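Participant: Structure incoming, see below.
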Amino acid sequence: MHNVVIMGSGCAGNTAAIYAARANLKPLVISGHEAGGQLSLTTLVENFPGFPEGINGPDLVENMKKQAMHFGAEYLHGAVIDTDLSQRPFRLNVEGEWIETRTLIVATGASARWLGIESEQKLIGKGVSSCATCDGFFYRGRKIMVIGGGDSAMEEANFLSRFGSEVTLVHRREEFRAAKIMLARAHQNPKIKFLTNTVVEEVHDVSKGIVTGVRLRDVKAGRVWEQDVDGFFLAIGHIPNTKVFKGQIETDADGYILSKGGARTNIAGVFHAGDVQDRTYRQAITAAGAGCMAAIEVERFLEAEGH
Ligand code: NAP
């Protein structure tokens, strides 16, 4: 029987683990499908306080994990495939094995969104990617396309311009969601070309098992054309990882956990931390703060129960 299980090993989960471990709760962290969370998929993080020169995302999250382990947190590789939160202790199925816990911190984050076109899905890992930092290296000197109009798209287009011969940024409308400074940086980059009011109809070539190009459509002019592409990168947002709690933890229509104040969910003893609940800020530092809050709430919750 665990005092507290933390699902997720990104900024939120690791910070919760540091606090819970220092409170002698011997937390168990279940790493999840995307160990390290979004930080492990990024390069330089310039806005995490305390690092005036910036720090690499994977290093930052790995340091957090080391810090938590130093205080006694345990990490389990694997993912929770089923949950029973209907009574306490809560039960979690970790890849076939059920474990029990008095409290739960849900720090499962949000995963990359795909366009959902059949050809895109078939070519994932064969030229289609949702992670510029993971896969950019493979497209040295090649033609790259980035889809999206938010900060991620700008960041990824800039990052990918280090590798590609050219980067085409495709966005479905005229206005951008990205912050002005991020947009300006991308506009100033001579390697990045912008295509607005444009959508992807098809990714070629499924028959060859590799990305060779795309069919695009100008949604205003109606023009349809083909463009050669080697690397096709999605940067169109994220989907919260709450499927495994469906019908138990209350979420909004998009699946983000509904907070009941502080780090509380609708289930007493289940707390949220990070991007799985936060669709507004979604920053490393806010996720870390949320992890801290969740751990403090767990500590108080268990103390009130006499554990
Ligand atoms: P986002 O802000 O939600 O932007 C998603 C973009 O993808 C939007 O432009 C959206 O278009 C487009 N999109 C969504 N679904 C689409 C579809 N099916 N087909 C085509 N386009 C689609 O997501 P994000 O850029 O990943 O950013 C998430 C959060 O992280 C934001 O709060 C952002 O500020 C933050 N962030 C910050 C930094 C930084 O400061 N360094 C870097 C990355 C991310 P519409 O605009 O038309 O809806």
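Participant: Do the sum for the chain: with -39,500 (n - 2.57) for every DSSP H run of n ≥ 4, divided by all residues, what is the mean residue ellipticity at 222 nm, to the nearest 500 deg cm²/dmol?
Facilitator: For the chain, the value works out to -7500 deg cm²/dmol.
Participant: So which trypsin sites (Lys or Arg not before Pro) in the range 199-289 end up in coil per DSSP with only 12 or fewer other C-beta atoms within 10 Å? It would help to have the intermediate numbers written out before the result.
Facilitator: Values: sites: Lys208, Arg215, Arg217, Lys220, Arg223, Lys243, Lys246, Lys260, Arg264, Arg279, Arg282; in loops: Lys208, Lys220, Arg223, Lys246, Lys260, Arg279, Arg282.
Those satisfying the criteria are Lys208, Lys220, Arg223, Lys246.
Participant: Starting from the Cα of Lys180, draw a straight line to each of the lysines and keep only those under 27 Å, dropping any in the same chain fewer than 8 residues away.
Facilitator: Once the sequence-local lysines are set aside, what remains near Lys180 is Lys143, Lys191, Lys193, Lys220.
Participant: Within the range 114-234, what whole-number % of the accessible surface is contributed by carbon and sulfur, with the 1.4 Å probe and all protein chains included in the calculation?
Facilitator: For the range 114-234, the apolar C and S fraction of the accessible surface comes to 49 percent.
Participant: To the nearest 0.05, how large is the calculated FRET efficiency for Asn197 and Ala253 if R₀ is 22 Å and r is the Cβ-Cβ distance?
Facilitator: Values: r = 27 Å, r/R0 = 1.23.
E(calc), rounded to 0.05, equals 0.20.
Participant: Amide H to amide H, which residues 5 or more places from Glu202 or on other chains are under 5 Å from it, using H placed in the peptide plane?
Facilitator: Those qualifying (amide H under 5 Å, at least 5 residues apart or on another chain) are Arg215.
Participant: Output the pairs from Lys126/Lys208; Lys26/Lys66; Lys65/Lys243 with a Cα-Cα distance over 19 Å in this structure; if there are none, say none.
Facilitator: On the way: Lys126/Lys208 10 Å; Lys26/Lys66 14 Å; Lys65/Lys243 25 Å.
Distance filter (> 19 Å) returns Lys65/Lys243.
Participant: Still on this structure: Suppose all protein chains stay in the model; what accessible area per residue would a 1.4 Å probe give for the range 114-234, in Å²?
Facilitator: Value for the range 114-234: 51 Å² per residue.
Participant: Turning to a different aspect of this structure: Please list, in chain and number order, the residues 5+ apart from Phe271 or on another chain whose amide H is under 5 Å from its amide H, with Hs placed from the backbone.
Facilitator: The answer is Leu104, Ile105, Val106.
Participant: Largest first, what is the accessible-area ranking of Lys180, Lys193 with a 1.4 Å probe?
Facilitator: Largest to smallest exposure gives the sequence Lys180, Lys193.
Participant: I've got another one for you. When a/c is below 1.5 the answer is rounded, else prolate if a/b is larger than b/c, else oblate, so apply that to the range 114-234 with a ≥ b ≥ c taken from the square roots of the Cα gyration tensor eigenvalues.
Facilitator: Oblate, since a/c reaches 1.5 and b/c is not below a/b.
Participant: Among DSSP beta bridges lying fully in the chain, give the percent that are antiparallel, nearest 5.
Facilitator: Beta bridges within the chain, antiparallel portion: roughly 45 percent.
Participant: Could you list which residues have their amide H under 5 Å from that of His2, counting only those 5 or more apart in sequence or on another chain, with H placed in the peptide plane?
Facilitator: Residues meeting the criterion, in which the H sits 1.01 Å from N, are Glu100, Thr101, Arg102.
Participant: So which chymotrypsin sites (Phe, Trp or Tyr not before Pro) in the range 247-307 end up in coil per DSSP with only 16 or fewer other C-beta atoms within 10 Å?
Facilitator: Numbers: sites: Tyr256, Phe271, Tyr281, Phe301; in loops: Tyr256, Tyr281.
Of the chymotrypsin sites (Phe, Trp or Tyr not before Pro), the ones in loops of the range 247-307 whose Cβ has at most 16 other Cβ atoms within 10 Å are Tyr281.
Participant: Bin all alpha-carbon pair distances of the range 237-304 at 10 Å intervals from 0 and give each bin's fraction as a whole percent.
Facilitator: Once binned at 10 Å, the Cα pair distances of the range 237-304 give 22, 53, 23, 2.
Participant: Using only Cα atoms, locate the centre of the range 40-91 and the centre of the range 263-307, then give the distance between them in Å, rounded to an integer.
Facilitator: Rounded to whole Å, the Cα centres lie 14 Å apart.
Participant: Okay, moving on. Which shape class, rounded, prolate or oblate, goes with the chain when its Cα gyration tensor gives a ≥ b ≥ c as root eigenvalues, a/c under 1.5 marks rounded, and past that a/b bigger than b/c marks prolate? Write down the numbers at each step before the final one.
Facilitator: Working: a/c = 2.28, a/b = 1.93, b/c = 1.18.
The shape class here is prolate.
Participant: At a Cα cut-off below 27 Å, give the lysines reachable from Lys246, other chains included and same-chain residues fewer than 8 away excluded.
Facilitator: Partners within reach: Lys260.
Participant: Which whole-Hz ³J(HN,Hα) couplings does the range 81-96 yield from phi under the Karplus relation 6.51 cos²θ - 1.76 cosθ + 1.60, θ = phi - 60°, glycine and proline marked x?
Facilitator: Per-residue couplings from phi come out as 9, 7, 9, 10, 9, 6, 8, 9, x, 6, 10, 10, 9, 9, 6, x Hz.
Participant: If you check each cysteine of the chain for another cysteine whose beta-carbon is under 4.7 Å away, which ones come up empty?
Facilitator: If one checks each Cβ against the other cysteines of the chain, Cys11, Cys292 turn up with nothing under 4.7 Å.
Participant: Another one. Can you name the helices of the chain, as whole DSSP H runs, whose Cα span along the helix axis is 15 Å or more and whose Kyte-Doolittle mean is not below 0.0?
Facilitator: 11-22, 284-304
Participant: Give the residue list of GluC sites (Glu not before Pro) in the range 82-178 that are DSSP loop and have at most 16 other beta-carbon atoms within 10 angstrom.
Facilitator: Glu95, Glu174, Glu175
The values are calculated or read from the model by the stated rules, or taken from the named source; none is laboratory data. The structure displayed is predicted, hence computed values, not measured ones. Heads up, the Cβs are rebuilt from the backbone with ideal geometry, glycines too, and the neighbour counts pull from every protein chain shown. Side chains are part of the model used for accessible areas, which takes the heavy atoms of the whole protein and leaves out ligands, DNA and RNA. Shrake-Rupley method; radii C 1.70, N 1.55, O 1.52, S 1.80 Å.
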